[in-house]
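Heads up, the thing below is written out as C-alpha cells.
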Amino acid sequence: MRTLLAILAALLAAAGLALLYAQRSVFDEGGFAARTDAALRSDAVREAAARRIAGAAVRAKPDLVAVQPLLESAAAAVTGTPAFRSLAVAAARDVHRAAFDRDASSVTLAVTDAGILVSEAASHLSPDLAKRLPDDFDARLASVRGGFDGAALRVTERADTVRRLWPLTLLAAALLAAAAIALSRPRRAGVIRVGAALAAVAALLALATLVVPRLAATRAPPADRDAVRAIAAVWLEPLRDWSLALGLAAAVVAIAAASVVRPVSPAPLLGRAWRAAATRPARPALRAVRGVAMVALGVAVVLWPGTAVAVVAVAAGALLVLAGAAELMALAARPPAAAAAPRARRRTVLRVGAAAVVLVLGAAGAAAIASGDGPDATPPTACNGSRALCSRPLDDVAFAGTHNSMSAAGEPGWLFAAQEAGIPAQLRDGIRALLIDTHYGVQTPRGVASVLGPGSKSRAKIANQVGDTFVRTAERLRKTLGYRGGGTPAVFLCHAFCEVGATGAVAALTQVHRFLVAHPGEVLILSIEDDTSAQATAAAIHASGLDREVYRGRVTPPWPTLGEMVERNQRVLVLVENHAGGEPWMHRQDEIAQETPYRFETAAELRAPDSCRPNRGGTRGSLLLVNHWVDTSPAPRPTLAERVNAAGFLGNRLARCERERTMLPNIVAVDFYREGDLFGQVAKLNRAAAR
C-alpha cells in the first residue's frame, strides 16, 4: 500500500509537471511563439524552411523552376535573420489561435511576406531573378490536417480544457506522498520510498524526451527528418530539464533520509545493479525478457547513436550529482561511537546545517532550471535602433517625424516638396513618425486629378490652408490634365490637390510594410489627415499589407513598451484626423494625442512663447505632437528649415514645450528633415527621458 501510494504520487507529480510545461510552452501563446523562435535557430530547420519557401515561390510562378536551387540559396540566407524569425513568430501566434479554435479542422504555419525578404536577398545574387520573383506568396512551413495529425489537433483542443489543472495535480501528488510517509514506520523509510519513486518516474520522463524526437523523425520524409528531430528536441527541452531537476531533487532527498542512519554511497548500488544486469537469470521467461531488452537496446543504439550518447551523458551527469550529494549527506550522519559527546553533537548539528544549505541551494537550482524556459520569446536586441528603448512605454519615447511625408523632391511629379526624399528613404534614415494626407483622385494619362468625395473639405477651406498661389497652380495643372470627370476614384497621398503631386496610397503604404518586414525591431506612428472615408482609408492599409503590423492594444496609459509591441508584431500606431470608422486599430488623433499649433509664418512666431500652447485635442491625450515648421506656402523653404531645425533652435523649443506641457514631445514633425539636427535632438529627448 505504501509503495503504491508513493508510485501514484510520483506519477501525479510527473503529470503535473507535464501540464505545467504545457501551460507555459504549448497552451500559452507567447510560450508557443518562443518555442517556434527557438526551433528556427537550428540549421536543419532553417534548411527545411528554405526548401519550402523556394517551393512556394515556384508554385506562385512556375517559370522559376529552372532557378529553384538559386531560390533556395536566397531563402537560406533569409531564414536565419531576425526579420524572418519575426515573421515566423507572428505566424506561430496565428497558428496558436487557430489550433485552439473548437471548429478548426486543420492549421497551417504559413509565413506571410517571406517573399519580400527573399526578393531582397535574391537581388544580391541576381538582380534579374529578384525582378522576376513574386513577393506576395505565403510560405507554408507546416500543416496539421486529418489522420494522425488531425487526431493530435483534436486532443490538443480537448487538453486545453484541463491545462489549468496542474496545481491540483501537484497538490494531489503531495497529499499522496504525505500519506505514504505517514503510513511508513519509520517515517524515514517513507521519505526514501517517495524520493526513489519520484526520481525513477522523473528519469523515465527525461528519457522519453530524448527518445521521442527520434521517433517523430521516422514519420517524416527523409529530407525533413533532421528538421523534425530538431523541432521535437527544442519543444521537449524544457520538459527534459524540469524532469531532471525533479529527479535529482528527489534523489537528493532520498539520500538525505537514508544518510540519517548510515552514509549512502551510490558506487555499491551501481555495482549491484550492474551485476544483476550482467547475470543470466535462471528462469527461462526472465532470460527471454532480458534477451529482447538487449536486442531492443542494441537496435536503438545502432539507429540513434546520437540519442544513445545523450542518454549516457545525462545519466553520467546525474550520477555525478548524486555521488556528490551522497558525500555531502554523509557528513550529516551521526558518528555512532561519539553520539553522546557534546562536541560530536555540535559537529553533527553543523553538518546537518551544511546539508540543509546544500538542499536549499539544490532546490533553488532546480527552480532556476524550471523558470529558465519561460513563455517569453527572444527579446528584441534593439527597438528603433536602441536597446534601452525596448523597455520604455510608447508615451515615454520620442519619434522623429516628417510633415507631409509623401511630398518629397525625390519622388516623381511632386511640386512644392516639403521633404528631400521619399518615404522609403525617410524610413531608412531614421524617421519613425509619418504625417500623410489621403485624398481621392483619378489617374489620367498626364497625372492625377483630385476628386472631392462626400464629406471632403471645400475648395475654399483648402485654399485658406495652402494659399491662393497653390490653388491657382493646381487649377492650371488640372486643365492640362484634361480631366472632365468620370473614372474610378482611388486613394492617393496628396497635399490638398493631387494635381501638384500624388502617390498611390497603397503603393506608399506597401513600402512602409516592406520596410517593417525587413526591420522587425522598428516601431512607427502613422498620422493620417484623412480626406477619405474610414472604409477607404482602412482598405488602403489592408491592401498594402500594413494591417499585419498595426497596433491593436489599448491607447491610454499604461502604454505597452516598444519591446512588447515588437514582440507582438504590432508596431504601427495608426492615428486619423477625421474618420476612425469601425476598425479597432484606427484611432482619432485628437483623442490620443495633444499637439501644438501648426501655422507659423516666420521663425520668430515659431520661437514665440505661445508656440507650445494646446491646439487640436486640447490637453486630454497622452501623447504630444510638436509641429515644427514655417509655413511658406506654396513652397516650403529648405533654408528656413535649416535654421529652425538647427540644434539650438529646435532643442530650445522642444525643451520649452516639454516644460510648459509637462509631457515628453513624442512626435517631432519637421520639414526637410535632413536639414539641421532633428535626429540629434530626438535622441537627446530619449536620453533625458531615461534619466
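Here is how the numbers come out for the structure above:
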| quantity | calculated |
| --- | --- |
| Glu595, sole failed condition from (1) closer than 15 Å to His403 by Cα; (2) touching a residue at least 40 places away in the same chain (Cβ under 8 Å) | (2) |
| Top-ranked residue in region 519-547 [being charged (D, E, K, R) and touching a helix residue (DSSP H, G or I) at 6+ places or on another chain (Cβ under 7 Å); ranked as nearest to Pro489 (Cα to Cα)] | Asp530 |
| Subset of region 240-257 that is crowded, with 23+ Cβ neighbours inside 10 Å and more than 20 Å from Ile192 (Cβ to Cβ) - its residue that is farthest from the chain's Cα centre (by Cα) | Ser243 |
| For Asp531: the one exception among (1) surrounded by fewer than 21 Cβ atoms within 10 Å (Cβ to Cβ); (2) of a type in the set (D, E, K, R); (3) within 23 Å of Leu573 (Cβ to Cβ) | (1) |
| Answer from Arg93, Arg85, Arg52, Arg97 - the residue that is modelled with pLDDT of 85 or more and under 20 Å from the mean Cα position of the chain (by Cα) | Arg85 |
| Considering residues of region 581-616 that are in a loop (DSSP other than H, G, I, E, B) and touching a Leu at 6+ places or on another chain (Cβ under 8 Å) only, the residue nearest to Glu522 (Cα to Cα) | Thr596 |
| Unique residue being within 30 Å of Ala173 (Cβ to Cβ) and of a type outside the set (S, T, N, Q) when the list is Gly16, Gly80, Gly55 | Gly16 |
| Output for region 478-507, where each listed residue is over 41 Å from the mean Cα position of the chain (by Cα) and without any contact (Cβ under 8 Å) to a residue 40 or more places away in the chain | Arg478, Lys479, Thr480, Leu481, Gly482, Arg484, Gly485 |
| Residue ID - modelled with the lowest pLDDT, chosen from residues in region 557-590 that are under 24 Å from the mean Cα position of the chain (by Cα) and of a type in the set (Lys, Arg) | Arg568 |
| Near pairs, Cβ below 8 angstrom, 6+ apart or cross-chain, from region 61-79 (within 21 Å of Ala518 (Cβ to Cβ) and open to solvent by 10 Å² or more (accessible area, probe 1.4 Å)) to any residue that is small (Gly, Ala, Ser) and part of a loop (DSSP other than H, G, I, E, B) | Leu70/Ser126 |
| Odd one out for Ala641 among (1) in contact with a helix residue (DSSP H, G or I) (Cβ under 6 Å, 6 or more places away or on another chain); (2) closer than 23 Å to Leu427 by Cα; (3) in a helix (DSSP H, G or I) | (1) |
| Sole exception among (1) within 28 Å of Phe679 (Cβ to Cβ); (2) modelled with pLDDT of 90 or more; (3) of a type outside the set (Gly, Ala, Ser) for Phe492, by number | (1) |
| Tally, over region 595-620, of residues that are within 35 Å of the chain's Cα centre (by Cα) and open to solvent by 10 Å² or more (accessible area, probe 1.4 Å) | 3 |
| Among residues of region 638-657, those that are over 16 Å from His403 (Cα atoms) and in contact with a strand residue (DSSP E or B) (Cβ under 6 Å, 6 or more places away or on another chain), counted | 1 |
| Condition met for Arg35 (within 22 Å of the chain's Cα centre (by Cα), basic (Lys, Arg) and either surrounded by fewer than 21 Cβ atoms within 10 Å (Cβ to Cβ) or within 20 Å of Trp242 (Cβ to Cβ) (or both)) | yes |
| Of the criteria (1) farther than 19 Å from Glu577 by Cβ; (2) touching a Leu at 6+ places or on another chain (Cβ under 6 Å), which one Ile667 fails | (1) |
| Among residues of region 645-691, those that are assigned to a helix (DSSP H, G or I) and of a type outside the set (D, E, K, R), counted | 20 |
| Residues satisfying the stated conditions in region 235-272, i.e. in contact with a Leu (Cβ under 9 Å, 6 or more places away or on another chain) and at pLDDT 85 or above | Leu236, Leu239, Arg240, Ser243 |
| Residues that are open to solvent by less than 50 Å² (accessible area, probe 1.4 Å) and of a type in the set (Val, Ile, Thr), drawn from region 477-494 | Val491 |
| Segments classed as helices (runs of 4 or more DSSP H), wholly inside region 1-106, with at least 2 members that are in contact with a Leu (Cβ under 7 Å, 6 or more places away or on another chain) | 2-22, 43-60, 68-79, 82-99 |
| Count of residues meeting criterion [open to solvent by less than 40 Å² (accessible area, probe 1.4 Å) and of a type in the set (Lys, Arg)] in region 636-688 | 3 |
| Members of region 17-43 found to be over 18 Å from Thr209 (Cβ atoms) and among the aliphatic types (A, V, I, L, M), listed by number | Ala33, Leu40 |
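Results for (1) in contact (Cβ under 8 Å) with a residue 40 or more places away in the chain; (2) in contact with a Cys (Cβ under 8 Å, 6 or more places away or on another chain); (3) hydrophobic (A, V, I, L, M, F, W, C), shown as yes or no for each residue.
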| site | (1), (2), (3) |
| --- | --- |
| Arg554 | no, no, no |
| Pro560 | yes, no, no |
| Glu567 | yes, no, no |
| Ala580 | yes, no, yes |
| Pro584 | no, no, no |
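The values are calculated or read from the model by the stated rules, or taken from the named source; none is laboratory data. As the structure is a prediction and not an experimental result, all values here were calculated from the model. Don't worry about glycine lacking a Cβ; one is built from the backbone with ideal geometry, like all the others, and counts go over all protein chains shown. The area values use the complete protein model at the heavy-atom level, side chains included, leaving out ligands, DNA and RNA. Shrake-Rupley method; radii C 1.70, N 1.55, O 1.52, S 1.80 Å.
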